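What follows is a single structure, written as structure tokens, with notes after it.
The values are calculated or read from the model by the stated rules, or taken from the named source; none is laboratory data. Fair warning: this is a prediction, and the values are worked out from it, not measured in the lab. Cβ atoms come from the backbone with ideal geometry, glycine included; neighbour counts cover every protein chain shown. Accessible surface is based on the protein model in full, side chains and every heavy atom, while ligands, DNA and RNA are left aside. Shrake-Rupley method; radii C 1.70, N 1.55, O 1.52, S 1.80 Å.
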Amino acid sequence: MTARPPSRLTTLRQASRALLNERDDNALRRQSHAELSPLLWHVGHVFFVENYWIAEQVFGDTRITDRWRALYFPEECAKEARSSRLPDPKALYAWTLEVADHSDFYWRCAQHHHHALLTDGYLSAFVCQHYAQHLETMRLAVAQLDLEQHRAPPIEFGPRRSKSPRVSVPGHRVTLGTASIEAYDNEQPPVERQIEPFEIAAQPVDNAQYLAFIEDDGYQRPELWDDDGWQWRCHQDIRYPQHWRADTDGWRIPSLHGTGAAHADEPVHGIGWYEARAFARYANARLPLEAEWEAADRADALSHKQQVWEWCDGAFAPYPGFKAFPYDGYSTPWFDGQHFMARGASVHTEPEVIRPSFRNFYPPTHRHVFAGLRLAGGSGNGGA
């Protein structure tokens with residue numbers, strides 16, 4: 001049986017642990033957004049989860065997990081209750097070293113052990129992806145902390161590009177999803193679809209284009225919005241992206257890369273699915289269907305990728321023949337019609353989750369994520 005590549009897992013562990021050195025104790029413990037856990041919790045959680053799968057699930061050793069499951073299993077400890085229960089950063093740092101040693105012992109044992117989770121390196125890929133996804137979430141938390149603590153310089157917009165050129169994608173059969181060992185359950189089994197001809201923007205919508213939407217009263221025009229989206233916008237008094245700040249000397253927008261001001265032609269981010277849909281109507285376009293986005297990606301029709309997650313039309317739903325694995329809770333609870341697709345990757349996404357088939361999903365009101373949009377046009381028939 002194949003265990004995980006030790007060098008990559010070591011790198012992901014180090015990147016997670018390093019975040020403990022980037023903020024003071026108060027910042028590490030603070031819940032910077034209602035939908036995000038404290039940085040301290042994320043760091044402890046990823047080491048705990050690795051140990052849960054390799055030590056407890058494969059070898060039955062619960063010495064570490066029994067003590068910490070009430071804190072690091074998300075369903076057993078609400079986000080708002082986590083801060084007060086966390087150890088201090090130095091203690092947590094030392095604990096992660098101990099847990100890593102304990103897990104490494106079992107990774108070595110796994111080389112000579114037969115278990116379904118170890119087949120073809122499945123568990124090592126699963127664990128590495130879990131670290132990778134939480135690293136991006138931790139970077140979201142850092143971005144929210146920086147919004148509280150720093151003011152980006154005013155952005156210089158200059159001449160504005162009104163529209164992005166579009167690429168025509170001909171109708172064709174495409175295989176969505178993948179049977180690769182690293183795939184999550186919601187990417188499986190692969191399914192064939194007939195895609196009708198459509199057009200898709202060569203690049204995502206940028207800050208300057210989005211500013212035009214704001215200045216043309218896009219947030220004040222109910223005809224551009226879904227009914228639920230308009231009610232949410234009004235109730236929450238949403239008037240611009242979550243990361244934007246209006247000031248007397250102009251807009252202050254932090255860069256996607258986390259330092260300094262954004263550029264006018266940098267992809268807009270900090271918008272939810274409702275906002276993306278409203279902008280698409282404003283632009284006399286639409287969001288791409290998830291199947292169209294994957295088809296375009298597989299056909300190399302997308303440029304300027306991996307800058308922001310790109311909202312797609314349609315709710316998160318299982319492919320025909322879906323089977324939950326390795327547990328019910330990763331995908332199944334979110335097939336509720338209230339979570340929507342964001343495809344691609346952001347500048348903060350680790351390589352483990354960058355693939356055409358990867359399916360990210362959020363509620364339509366999530367604006368703290370590194371998500372923007374790419375426009376589409378044409379029939380909008382995702383195939384059957």
Report summary line: In whole Å, largest first, the alpha carbons of region 65-107 cover along the principal axes 33, 23, 13
Report task. Using every pair of alpha-carbon atoms in region 30-123, split the distances into 10 Å bins beginning at 0 and state the percent of pairs per bin, rounded to integers. Result -> 16, 44, 28, 11, 1
**Report entry** Inter-probe distance in nm under a simple model that places probes 7 Å from Cα toward Cβ, at residue 150 and residue 300
**Finding:** 3.7
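Based on the alpha-carbon gyration tensor of region 105-160, what equivalent-ellipsoid semi-axes (square roots of 5 times the eigenvalues) come out, in whole Å, largest first?
Value: 44, 14, 7 Å, ordered largest first.
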Report task. For region 102-200, just the Cα atoms, rotate onto the principal axes and tell me the three extents in Å, largest first. Result -> 63, 49, 16
Report task. State in Å² the accessible area per residue of region 40-184; use a 1.4 Å probe, count heavy atoms of protein chains only, and round to the nearest integer. Result -> 47
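Go through 130, 257, 172 and list them by solvent-accessible area, largest first, probe radius 1.4 Å.
Working: 130 30, 257 110, 172 50 Å².
Descending order: 257, 172, 130.
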Query raised in the report: Considering the zone a paramagnetic label at residue 26 would reach in this model (a point 7 Å from Cα along the Cα-to-Cβ line), which residues of region 36-52 have amide N under 12 Å from it?
Result: none
Query raised in the report: Ratio of Rg to Rh for region 234-274, alpha carbon only, Kirkwood?
Result: 0.99
Query raised in the report: Mean 1/r over all different Cα pairs, inverted: what Kirkwood radius does region 241-311 give, in Å?
Result: 14.0
Query raised in the report: Distance in nm between label sites at residue 163 and residue 228, each 7 Å beyond Cα in the beta-carbon direction?
Result: 3.1
Query - Computed [θ] at 222 nm, deg cm²/dmol, the chain (DSSP H ≥ 4; -39,500 (n - 2.57); rounded to nearest 500) - result: -10500 deg cm²/dmol
Report summary line: Using alpha-carbon coordinates alone, the radius of gyration and Dmax of region 1-157 in Å work out to 16.8, 60
Report summary line: Magnitude of the Cβ-charge dipole (Lys and Arg +1, Asp and Glu -1) of the chain about the Cα centre, nearest 20 debye, reported as 360
Query - When region 213-365 is reduced to its Cα atoms, the Kirkwood hydrodynamic radius in Å - result: 17.1
Report task. Identify, among 274, 259, 178, the residue whose Cα sits farthest towards the positive end of the charge dipole of the chain, taking +1 on the Cβ of Lys and Arg and -1 on the Cβ of Asp and Glu, with the dipole about the Cα centre. Result -> 259
Query - Two-site FRET efficiency, residue 236 against residue 79, from Cβ-Cβ distance with R₀ of 22 Å, rounded to 0.05 - result: 0.70
Query - Pairwise label distance in nanometres, residue 14 with residue 220, each label 7 Å out on the Cα-Cβ vector - result: 5.4
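Per 0.36 nm of contour for each residue apart, how much would the distance between residue 212 and residue 249 grow if the chain were fully extended, relative to their Cα-Cα spacing? Don't skip to the end; give the middle numbers.
Details: separation 37, 0.36 × 37 = 13.32 nm, distance 1.76 nm.
11.6 nm is the gain from fully extending residue 212 to residue 249.
Expressed in nm to one decimal, what extension gain is obtained for the pair residue 69 and residue 180 from 0.36 nm per residue of sequence separation less their Cα-Cα distance? All intermediate terms of the calculation are to be shown ahead of the outcome.
Details: separation 111, 0.36 × 111 = 39.96 nm, distance 3.04 nm.
Answer, rounded to one decimal: 36.9 nm.
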Query raised in the report: Equivalent-ellipsoid semi-axes (√(5λ), Cα gyration tensor) for region 283-348, whole Å, largest first?
Result: 24, 14, 12
Requested in this report: Can you pull a Stokes-Einstein diffusion coefficient for region 173-266 at 25 °C (0.890 mPa s), Rh from Kirkwood over Cα pairs, as a whole number of µm²/s?
Outcome: 142
Report summary line: Here the equivalent ellipsoid of the chain, derived from its Cα gyration tensor, has semi-axes (largest first, whole Å) of 36, 27, 17
